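Visitor: Can you read through this structure? Questions will come right after.
The values are calculated or read from the model by the stated rules, or taken from the named source; none is laboratory data. Treat the numbers as computed from the prediction; the structure is a model and nothing was measured. As a convention, Cβ positions derive from the backbone with ideal geometry for all residues, glycine included, and neighbour counts pool all protein chains shown. Remember, those area values only see protein heavy atoms, side chains included, never the ligands or the DNA or RNA. Shrake-Rupley method; radii C 1.70, N 1.55, O 1.52, S 1.80 Å.
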Amino acid sequence: MLKKKLLLLASLFSLLISPLVHCQTWPTKPIKLIIPFAAGGTTDILGRLLAQQLTKDFGQNVIVENKGGAGGNIAAEFVAQSPADGYVIMLASGSMLTVNPSLYKKLPVNYAKDFVYITNVASGPMLLSVSTKLPVKNFADFLAYAKSKDLNFGSAGVGSQVHMAEENLTYTANFPATHVPYKGESAALNDLVAGQIDFMVGNLTAAAGFAKSGQIRPIAVTSLKRSKQLPDVPTIAESGIAGYESTGWFGLVAPANTPTLIIDKLYAATVKAINSPELRTSLDLNGLTAVVNTQKDFENQVKAESTVWENVIKGRNISVQ
């Protein structure tokens, strides 16, 4: 009888100690970093830069996997249903966490409950650009032309932060325009280059190269200060809409119930990666600014911005079935 009790106690002890050992030794195999949009967009560019640094720190490959579609919801569902063991994480765009809950009538996930928010990684301004076929040279020209025509604009998909920045601009500047959603930011930019769409308010990271090469015409940046990447391009605020600002940002999340010890390791490694000279230089070259806030600050940011976008969505009467 005593032997059976000892065996039972040993089994219980093993069950209790096993998760702790797993957390302490994590990671022991490659980690998947899910990117919820197609390759070539800003989320993808940032994700690959981050993965390189995390790989160095963990000693395990951090593999980028693109799962685009439905405004990021396809990737979100995949991550939410993945084991909560730290081996599947996601670099979410701000719009997924703050816009999708109000935009979509039906969602495959509950963004507030199905994920652990780790940290906001980086943010960056956006760039209003037009097709070179449009007869406009500056923001005043653009507004006058937009109010006399029914222009169309492209985005990375319904509800993406590119889409919402464009809706915010048309709402604030009070001109009509037709939304043309794409399956990723790079696809929309390619059609802007080809003149298939009239304008975009895209992430500066993805759009700057096209602007510098003359393939699209930069009109204004959405930050309060001019960008070092395009110093000759004025801000929307200095071009006629005082105080106007719109930025894109990207945050790291994991499935709900991922052990705290693993989340702490992910957070510490991300802070180290973002503060590395290599990644800081890469962020700067891509027009991005490091953020790395605490879990609590990240959650508060999501809550505050969710309220703002809920009002915009209602004001513009935007919805997705």
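Visitor: May I ask you to list pairs of residues, at least six apart or on different chains, whose Cβ atoms are under 6 Å apart, with the first in the range 157-178 being open to solvent by 10 Å² or more (accessible area, probe 1.4 Å) and the second being polar (S, T, N, Q)?
Guide: Close Cβ pairs satisfying both conditions: GLN161/SER93; GLN161/SER95; ASN168/SER246; ALA177/THR170; THR178/ASN152.
Visitor: Regarding VAL292, is this residue at pLDDT below 95 and of a type in the set (Val, Ile, Thr)?
Guide: Numbers: at pLDDT below 95: yes; of a type in the set (Val, Ile, Thr): yes.
Criteria met by VAL292.
Visitor: Taking the condition of being open to solvent by less than 60 Å² (accessible area, probe 1.4 Å) and under 20 Å from the mean Cα position of the chain (by Cα), how many residues in the range 53-81 meet it?
Guide: 17
Visitor: In addition: So, of the residues in the range 37-52 that are among the small types (Gly, Ala, Ser) and either surrounded by fewer than 23 Cβ atoms within 10 Å (Cβ to Cβ) or in contact with a helix residue (DSSP H, G or I) (Cβ under 7 Å, 6 or more places away or on another chain) (or both), which turns out to be nearest to LEU288 (Cα to Cα)? Even if it seems obvious, please write down each step before you answer.
Guide: First, pick out the residues of the range 37-52 that are among the small types (Gly, Ala, Ser): 38-41, 47, 51.
Now narrow it down to the ones that are either surrounded by fewer than 23 Cβ atoms within 10 Å (Cβ to Cβ) or in contact with a helix residue (DSSP H, G or I) (Cβ under 7 Å, 6 or more places away or on another chain) (or both): 38-41, 51.
On the way: ALA38: 19, ALA39: 18, GLY40: 15, GLY41: 13, ALA51: 16 Å.
Looking at the filtered set, the residue picked out is GLY41.
Visitor: Which helices (runs of 4 or more DSSP H) sit wholly inside the range 221-321 and have at least 3 residues that are surrounded by fewer than 16 Cβ atoms within 10 Å (Cβ to Cβ)?
Guide: Correct list: 260-274, 277-285, 295-316.
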